[in-house]
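The values are calculated or read from the model by the stated rules, or taken from the named source; none is laboratory data. Please read these numbers as outputs of a predicted model, since none were measured by experiment. Here the Cβ positions follow ideal geometry from the backbone for every residue, glycine too, while neighbour counts run over all protein chains shown. These area figures cover heavy atoms from the full protein model, side chains too; ligands, DNA and RNA do not enter into them. Shrake-Rupley method; radii C 1.70, N 1.55, O 1.52, S 1.80 Å.
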Amino acid sequence: MSRRPLAQINTSALLHNVERIRDMAPHSKILAVLKANAYGHGLLAVAAQLKDVHAFGVARIDEALMLRAGGIVKPIVLLEGFFHADELSQIVASNLQVVVHHPAQVEALVKAELESPIHVWLKVDSGMHRLGVEPADFKEIYHKLCQSKNVLQPMRLMTHFSCADEPDNPATQRQLAVFRQTIGNAAGELSIANSAGVVGWPQSHGDWVRPGLALYGVSPMEKGRSGAHGLRPVMTFSSSVIAVRQVRQGDAVGYGASWVAPEDTRLAVVAIGYGDGYPRNAPCGTPVLINGKRYPIVGRVSMDMTTVDIGDDEIPHGAQVILWGEDLPVEEIAEQVQTIPYELLCNITSRVQFRYVGD
């Protein structure tokens, strides 16, 4: 039996989540976000499964080129746009679409000599203050792009929410108002909703929705769980027991002797650590699943191993240990380590084996 940790990707759950998103936003096209290696799930493998979405979104051109090299012909949108004017020829050659969010990009695009025009998604900063043209500059930039021979018409218009995962936060309503006031009657399909917008803000769905985290069966809402939205976790992250040890009351375990056994007990040593992407700062008490039962991590997570207090239970060598999955939500582990599910999913390293299965 391989001791390599395993990330098992349930393709049936992935397709179920697409249908659930379609149920929630029935009048919107789906731009499936595959950036950061499809949130740690495998860029090409996930893209190959998503035959019924309308387009893919990635952050950077290298991700888009990997998709094209892997045989993906579906429309691909560069969500951060292009960084240098010399990328535009590659964008045309690879039939990519770009988000334009800065005046410098506008100038470079308008001045370029391109073999054919490209699809542009013009992004407005409605209040997140990260990317997007200023509302006061929108009309001038929109008009300039409308007049450019390098831009296919009509453009698409978009913005991005900062607090949509908080249902009671008024920031989302303010952003919607700013966006709609800014674009006025400008022609073009609208794209506003990320995963949290899909789930929590139906008035934001528009012509295109841009689900990321929800595709992978993780709740995009603050302190939410996927089951509350009818989503199914796609990844089960697991490893195996490589040793079982008896420890006595007062024995210290692991680096720094940070945990001392309060009574005689038994520990399972699991082949998982921060070298595989499991968080080093997981505190004592963080649960794992063995044979459907929860057991607490004790001691520090090390590079390759983690220790689990199994008490008097009989756990054989080789037993599967689930770090997160359908019965142990990644959202719960993220809360334990005071981070977000995105980070846990994206941090899985190349030492981990990936397996793609259906139900």
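Side notes on the structure shown:
- Options 275, 285; residue that is open to solvent by 30 Å² or more (accessible area, probe 1.4 Å), modelled with pLDDT of 95 or more and either among the small types (Gly, Ala, Ser) or more than 34 Å from the chain's Cα centre (by Cα) (or both): 285
- Hey, residue 183 surrounded by 24 or more Cβ atoms within 10 Å (Cβ to Cβ) and at pLDDT 95 or above or not: no
- Exactly one residue among 73, 98, 110 is touching a Phe, Trp or Tyr at 6+ places or on another chain (Cβ under 8 Å) and either more than 24 Å from residue 176 (Cβ to Cβ) or surrounded by 14 or more Cβ atoms within 10 Å (Cβ to Cβ) (or both), and that residue is 98.
- Residue that is most open to solvent (accessible area, probe 1.4 Å), among those in region 224-237 that are outside any loop (DSSP other than H, G, I, E, B) and farther than 18 Å from residue 303 by Cβ: 228
- Selected residue (only one of 349, 339, 306 is of a type in the set (S, T, N, Q) and either on the phi > 0 side of the Ramachandran plot or open to solvent by less than 10 Å² (accessible area, probe 1.4 Å) (or both)): 306
- Evaluation of residue 246 against (1) open to solvent by 20 Å² or more (accessible area, probe 1.4 Å); (2) out of contact with any Gly (no Cβ under 9 Å at 6 or more places or on another chain); (3) closer than 30 Å to residue 39 by Cα; (4) among the polar types (S, T, N, Q) (one fails), failing number: (3)
- Among strands (runs of 3 or more DSSP E) entirely within region 278-342, having at least 3 residues that are among the aliphatic types (A, V, I, L, M) singles out 287-290, 320-324.
- Restricting attention to region 115-130 and to residues that are surrounded by 17 or more Cβ atoms within 10 Å (Cβ to Cβ) and of a type in the set (A, V, I, L, M), the residue that is farthest from residue 206 (Cα to Cα) turns out to be 118.
- All helices (runs of 4 or more DSSP H) inside region 101-220 with 2 or more residues being β-branched (Val, Ile, Thr) and either touching a residue at least 12 places away in the same chain (Cβ under 8 Å) or out of contact with any His (no Cβ under 8 Å at 6 or more places or on another chain) (or both): 103-111, 171-183, 195-200
- Top-ranked residue of region 166-180 - restricted to ones that are charged (D, E, K, R) and in contact with a Gly (Cβ under 9 Å, 6 or more places away or on another chain), ranked as least open to solvent (accessible area, probe 1.4 Å): 166
- Residue pairs whose Cβ atoms lie under 6 Å apart, sitting 6 or more positions apart in sequence or on different chains, and linking a residue in region 267-290 that is touching a residue at least 60 places away in the same chain (Cβ under 8 Å) and of a type in the set (Gly, Ala, Ser) to a partner that is crowded, with 20+ Cβ neighbours inside 10 Å and not in a loop (DSSP other than H, G, I, E, B), are 271/239; 271/240.
- Residue 195 being within 17 Å of the chain's Cα centre (by Cα), open to solvent by less than 30 Å² (accessible area, probe 1.4 Å) and of a type in the set (Gly, Ala, Ser): yes
- Scanning region 33-80 for residues that are more than 14 Å from the chain's Cα centre (by Cα), among the small types (Gly, Ala, Ser) and more than 15 Å from residue 210 (Cβ to Cβ) yields 45, 48, 64, 69, 70, 71.
- Selection within region 343-359 - of a type in the set (Lys, Arg) and part of a loop (DSSP other than H, G, I, E, B): 351
- Inside region 69-81, residues that are in contact (Cβ under 8 Å) with a residue 24 or more places away in the chain, assigned to a loop (DSSP other than H, G, I, E, B) and of a type outside the set (D, E, K, R) make up a count of 5.
- In region 153-165 there is at least one residue matching the filter, namely being over 21 Å from residue 30 (Cβ atoms), at pLDDT 95 or above, out of contact with any Phe, Trp or Tyr (no Cβ under 9 Å at 6 or more places or on another chain) and surrounded by 14 or more Cβ atoms within 10 Å (Cβ to Cβ).
- Any chance residue 3 is open to solvent by 20 Å² or more (accessible area, probe 1.4 Å) and modelled with pLDDT under 95: yes
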